[in-house]
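Since the structure comes first, as structure tokens, the remarks are kept for the end.
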Amino acid sequence: MIRSKTCFKCKTVKLLDEFYKHNAMADGHLNKCKKCNKKDALEHRLKNIEKVREYDKRRAKLPDRVKLALRVNQEWRVADKRRAQCHNAVARAIRNNKLSPMPCVRCGELKSLAHHEDYNKPLDVMWLCQPCHKQRHKEMVLI
């Protein structure tokens, strides 16, 4: 039994799995499709970035979030030990003045992170701000 519904936002008829589940709705799904929902959420975030960032900071300090972050960090370290070794090597090099943080190579943002293209080269880094760093990792997945 394949069912569909029309998104009230884009007016497109789509399969039910293209809508988020919502118990309060008669058919158990929101009336706005996932694509429109994501677009609206992004627009809201960009319009209210300072409030959203404050909310994100408060939420990150909640006990269950702190616990989850620790678990994810531990899993990240176990998944590929070279990542943590490279991270530590960069931190030591900065502390010993052998390496200096630079602005983001993409956008020029002063606050940047060391990105490794190859974990076999611990001090061969590209300096990227947080958004550009995330974007670079997305690009690497596509390669």
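The values are calculated or read from the model by the stated rules, or taken from the named source; none is laboratory data. Note that the structure is a prediction, hence the values are computed from the model and not measured. Cβ atoms come from the backbone with ideal geometry, glycine included; neighbour counts cover every protein chain shown.
Structure above, values below:
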| item | result |
| --- | --- |
| The listed residue being under 30 Å from CYS132 (Cβ atoms) and not assigned by TED's automatic domain parsing to the domain that holds GLN135, out of LYS38, LYS32, LYS98 | LYS38 |
| Matching residues, the stretch 63-76, being surrounded by fewer than 11 Cβ atoms within 10 Å (Cβ to Cβ) and either outside the structural domain of VAL125 (by TED's automatic domain parsing) or of a type outside the set (A, V, I, L, M, F, W, C) (or both) | PRO63, ASP64, LYS67, ARG71, GLN74, GLU75 |
| Selection status of LEU99, in contact (Cβ under 8 Å) with a residue 12 or more places away in the chain and more than 30 Å from TYR20 (Cα to Cα) | yes |
| Residue ranges of helices (runs of 4 or more DSSP H) in the stretch 51-143 with at least 3 members closer than 30 Å to ALA41 by Cβ | 63-79, 130-142 |
| Flag if LYS57 is free of Cβ contacts under 8 Å to residues at least 24 places away in the same chain, of a type in the set (Lys, Arg), more than 25 Å from HIS137 (Cβ to Cβ) and loosely packed, with under 11 Cβ neighbours inside 10 Å | no |
| Residue in the stretch 16-23 that is surrounded by 10 or more Cβ atoms within 10 Å (Cβ to Cβ), under 19 Å from the mean Cα position of the chain (by Cα) and aromatic (Phe, Trp, Tyr) present | no |
| Options ARG77, ARG92: the member that is at pLDDT below 95 and farther than 30 Å from ARG3 by Cβ | ARG77 |
| Elements of type strands (runs of 3 or more DSSP E) in the stretch 1-45, at least 3 residues being in contact with a helix residue (DSSP H, G or I) (Cβ under 8 Å, 6 or more places away or on another chain) | 29-33 |
| Single unsatisfied condition, ALA79 versus (1) surrounded by 11 or more Cβ atoms within 10 Å (Cβ to Cβ); (2) more than 13 Å from ALA114 (Cβ to Cβ) | (1) |
